[in-house]
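Undergrad: Pasting a structure here, questions to come.
The values are calculated or read from the model by the stated rules, or taken from the named source; none is laboratory data. The structure presented is a predicted model; accordingly, all values stated were derived computationally and were not measured. Cβ coordinates were reconstructed from backbone atoms using ideal geometry, including for glycine residues, and neighbour counts include every protein chain displayed.
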Amino acid sequence: MASSPKPWNREKEPFAELISAEAIATRVAELGAKITEDYKDKEDVVVIGVLKGSVIFLADLARHIALPIELEFIGISSYGDATVSSGIVQITQDVSKPIEGKHVIVVEDIVDTGHTVSYLLENLKTRRPASIALASLLHKPDRQARDVKIDYLGFTIPNKFVVGYGLDVAQQYRNLPYIGYVTGA
Ligand code: IMP
């Protein structure tokens with residue numbers, strides 16, 4: 001019998017909870033059900049997780065998609081100051097197979113300025129998939145600089161730097177079971 005993750009020692013964490021593990025689980029199940037409904041008549045569905053931030057979201061979401069899907073991963077690096085997305089993006093690790101003719105669902109952790117995912121979607125579209133959709137756990141509309149259509153969105157959040165459930169601060173805390181914002185405490 002699976003148990004829920006144990007709470008961390010919250011007094012020592014420099015985070016305040018923004019979205020609980022329970023709220024995330026409920027929303028991820030809803031998104032998976034919606035994707036299942038939307039793709040039930042489609043073949044060749046490929047879900048592409050954007051490394052590393054989407055990994056935990058993808059692992060949970062994929063188990064709520066009740067269809068045969070392929071999983072792929074793509075690695076992206078964004079140049080410039082880590083907190084200010086420059087829009088200059090490079091693919092550091094590509095998918096393992098061509099996506100031509102396939103129904104692609106790109107899974108992201110967060111759409112902040114939108115530069116990263118805009119670049120990625122434009123790049124993937126040139127490979128002639130049958131369709132392409134975007135799922136993102138989080139969206140920070142206050143910071144959005146590029147027009148990005150999110151087909152499956154988990155939560156809209158305020159303009160705070162968030163961590164946990166895949167998102168990092170200096171590569172740490174991706175394994176926090178909830179989404180927190182950095183308080184600096
Ligand atoms: P964008 O190009 O500005 O949309 O940035 C997207 C990427 O920046 C995300 O995939 C994250 O890796 C990172 N990012 C943006 N905001 C946050 C945050 O609040 N916490 C952690 N990572 C973030």
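Undergrad: Say we look at the stretch 164-185 and pick out the residues that are more than 20 Å from residue 107 (Cα to Cα) and surrounded by fewer than 17 Cβ atoms within 10 Å (Cβ to Cβ); which of these is nearest to the ligand (Cβ to nearest atom)?
TA: Looking at residues that are more than 20 Å from residue 107 (Cα to Cα) and surrounded by fewer than 17 Cβ atoms within 10 Å (Cβ to Cβ), I get 182.
Yes/no matrix, rows are residues, columns are (1) more than 12 Å from the ligand (Cβ to nearest atom); (2) under 28 Å from residue 162 (Cβ atoms); (3) basic (Lys, Arg); (4) in contact (Cβ under 8 Å) with a residue 40 or more places away in the chain:
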site	(1), (2), (3), (4)
95	yes, yes, no, yes
98	yes, no, no, no
103	yes, no, no, yes
108	no, yes, no, yes
125	yes, no, yes, no
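Undergrad: Of 35, 76, 65, 48, which residue is under 19 Å from residue 135 (Cβ atoms) and either modelled with pLDDT under 95 or among the polar types (S, T, N, Q) (or both)?
TA: Working: 35 fails: either modelled with pLDDT under 95 or among the polar types (S, T, N, Q) (or both); 65 fails: either modelled with pLDDT under 95 or among the polar types (S, T, N, Q) (or both); 48 fails: either modelled with pLDDT under 95 or among the polar types (S, T, N, Q) (or both).
Of the residues listed, the single one that is under 19 Å from residue 135 (Cβ atoms) and either modelled with pLDDT under 95 or among the polar types (S, T, N, Q) (or both) is 76.
Undergrad: Looking at residue 71, is it assigned to a helix (DSSP H, G or I) and either at pLDDT 95 or above or surrounded by fewer than 17 Cβ atoms within 10 Å (Cβ to Cβ) (or both)? Step through it out loud before you land on a result.
TA: Values: assigned to a helix (DSSP H, G or I): no; either at pLDDT 95 or above or surrounded by fewer than 17 Cβ atoms within 10 Å (Cβ to Cβ) (or both): yes.
In short, no.
Undergrad: In the stretch 140-163, how many residues are in a strand (DSSP E or B) and near the ligand (Cβ under 9 Å from one of its atoms)? Can you show your working first?
TA: The first filter runs over the stretch 140-163 and keeps only residues in a strand (DSSP E or B), leaving 152-156, 162-163.
Right, trim to near the ligand (Cβ under 9 Å from one of its atoms) and you get 162-163.
Count: 2.
Undergrad: Assuming residue 180 fulfils every condition listed in (1) at positive phi; (2) of a type outside the set (A, V, I, L, M); (3) more than 15 Å from the chain's Cα centre (by Cα) apart from one, which condition is it?
TA: If we test residue 180 against (1) at positive phi; (2) of a type outside the set (A, V, I, L, M); (3) more than 15 Å from the chain's Cα centre (by Cα), just (1) comes out false.
Undergrad: While we're on this one: Go through the stretch 110-122 and give me each residue that's aliphatic (A, V, I, L, M), in a helix (DSSP H, G or I) and within 18 Å of residue 167 (Cα to Cα). Spell out how you get there, then give the answer.
TA: Going residue by residue through the stretch 110-122, those that are aliphatic (A, V, I, L, M) are 110-111, 117, 120-121.
Subsequent filtering for residues that are in a helix (DSSP H, G or I) retains 117, 120-121.
The one that is aliphatic (A, V, I, L, M), in a helix (DSSP H, G or I) and within 18 Å of residue 167 (Cα to Cα): 117.
Undergrad: Between a first residue in the stretch 17-44 that is under 20 Å from residue 158 (Cβ atoms) and a second residue that is of a type outside the set (Asp, Glu) and assigned to a helix (DSSP H, G or I), which pairs have beta carbons less than 9 Å apart while being 6 or more apart in sequence or on different chains?
TA: Sorted first by the residue in the stretch 17-44, then by its partner, the pairs are 17/10; 19/27; 24/57.
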